[in-house]
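*Asks:* Shown below is the structure under consideration.
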Amino acid sequence: MSTGICGLVLAGGQGRRMGGVDKGLQPLRGRPLMQHVIDRLRPQVDSVLINANQNLERYAEFGCPVVPDRVGGFAGPLAGLDAGLHATDAPMIVTVPCDSPFLPHDLVARLATARGALDADVAVARGGAAERGNEVTSRSLKDSNSIAQGKRSAALGARIWKCRGL
């Protein structure tokens, strides 16, 4: 079943809150966090990309294309979204953080349904089992993402709906 959605696991940060470790490579129950996230995300999407800016070879071992930020300086999750939007032809992209090993098994379906029902460009999960960083974005925003011009905060000009309890 085709979803028309590409999954993007965000692992492009510096892990400052964890003492500079690469969060996606940290073990949980004998496997890296990244593997747990991919295992939860892969059945929900057509393809999976990894956004990373360090340890690219290690991330490539997970069997997904690795896309670094198109702007330097560890510009944050919007830079990862920008990289993902430019690396896929899928009409929608869902982003999830690399340190979310217990993603809901129906997260993507719920986000996509909410985005479509509300005619929004972006649907962002808030509260419930889903944490920040879980969102589905229309690829139509690819060229309007101001992070491509090096801005750290993007005013997308998008219709964004925050979906509680997703």
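The values are calculated or read from the model by the stated rules, or taken from the named source; none is laboratory data. All values derive from a computational prediction rather than experimental measurement. With ideal geometry, Cβ positions are generated from the backbone for all residues, glycine too; neighbour counts draw on all protein chains shown.
*Asks:* Out of all the residues in region 96-106, is one or more within 16 Å of Val9 (Cβ to Cβ), among the aromatic types (Phe, Trp, Tyr) and surrounded by fewer than 20 Cβ atoms within 10 Å (Cβ to Cβ)?
*Replies:* yes
*Asks:* Any idea how many residues of region 23-41 are surrounded by fewer than 15 Cβ atoms within 10 Å (Cβ to Cβ) and among the basic types (Lys, Arg)?
*Replies:* 2
*Asks:* So if I check each of Pro68, Pro97, Pro43, which one is out of contact with any helix residue (DSSP H, G or I) (no Cβ under 7 Å at 6 or more places or on another chain) and at pLDDT 95 or above? Break it down into steps so the answer makes sense when it comes.
*Replies:* Details: Pro68 fails: out of contact with any helix residue (DSSP H, G or I) (no Cβ under 7 Å at 6 or more places or on another chain); Pro97 fails: at pLDDT 95 or above.
Sole residue among the options that is out of contact with any helix residue (DSSP H, G or I) (no Cβ under 7 Å at 6 or more places or on another chain) and at pLDDT 95 or above: Pro43.
*Asks:* For the structure I just gave you, tell me whether Asp89 is surrounded by 21 or more Cβ atoms within 10 Å (Cβ to Cβ), over 16 Å from Asn134 (Cβ atoms) and either out of contact with any Cys (no Cβ under 8 Å at 6 or more places or on another chain) or not basic (Lys, Arg) (or both). Quick ask: steps written out before the conclusion?
*Replies:* Values: surrounded by 21 or more Cβ atoms within 10 Å (Cβ to Cβ): no; over 16 Å from Asn134 (Cβ atoms): yes; either out of contact with any Cys (no Cβ under 8 Å at 6 or more places or on another chain) or not basic (Lys, Arg) (or both): yes.
So Asp89 does not fit the description; no.
*Asks:* Then there is this: Would it be correct to say that Ala52 is at pLDDT 95 or above, crowded, with 18+ Cβ neighbours inside 10 Å and not polar (S, T, N, Q)? Talk me through it step by step, then tell me what you get.
*Replies:* Numbers: at pLDDT 95 or above: yes; crowded, with 18+ Cβ neighbours inside 10 Å: yes; not polar (S, T, N, Q): yes.
For Ala52, the condition - at pLDDT 95 or above, crowded, with 18+ Cβ neighbours inside 10 Å and not polar (S, T, N, Q) - is met.
*Asks:* I need the full set of residues from region 36-71 which are among the acidic types (Asp, Glu) and touching a residue at least 40 places away in the same chain (Cβ under 8 Å), in order please.
*Replies:* Within region 36-71, Asp46, Asp69 qualify.
*Asks:* Among the numbered conditions (1) over 15 Å from the mean Cα position of the chain (by Cα); (2) assigned to a helix (DSSP H, G or I); (3) surrounded by fewer than 17 Cβ atoms within 10 Å (Cβ to Cβ), tell me where Ala114 comes up short.
*Replies:* (3)
*Asks:* A further question follows. Please work out if Asp119 is at positive phi and touching a residue at least 40 places away in the same chain (Cβ under 8 Å).
*Replies:* On the way: at positive phi: yes; touching a residue at least 40 places away in the same chain (Cβ under 8 Å): yes.
Against the criterion (at positive phi and touching a residue at least 40 places away in the same chain (Cβ under 8 Å)), Asp119 qualifies.
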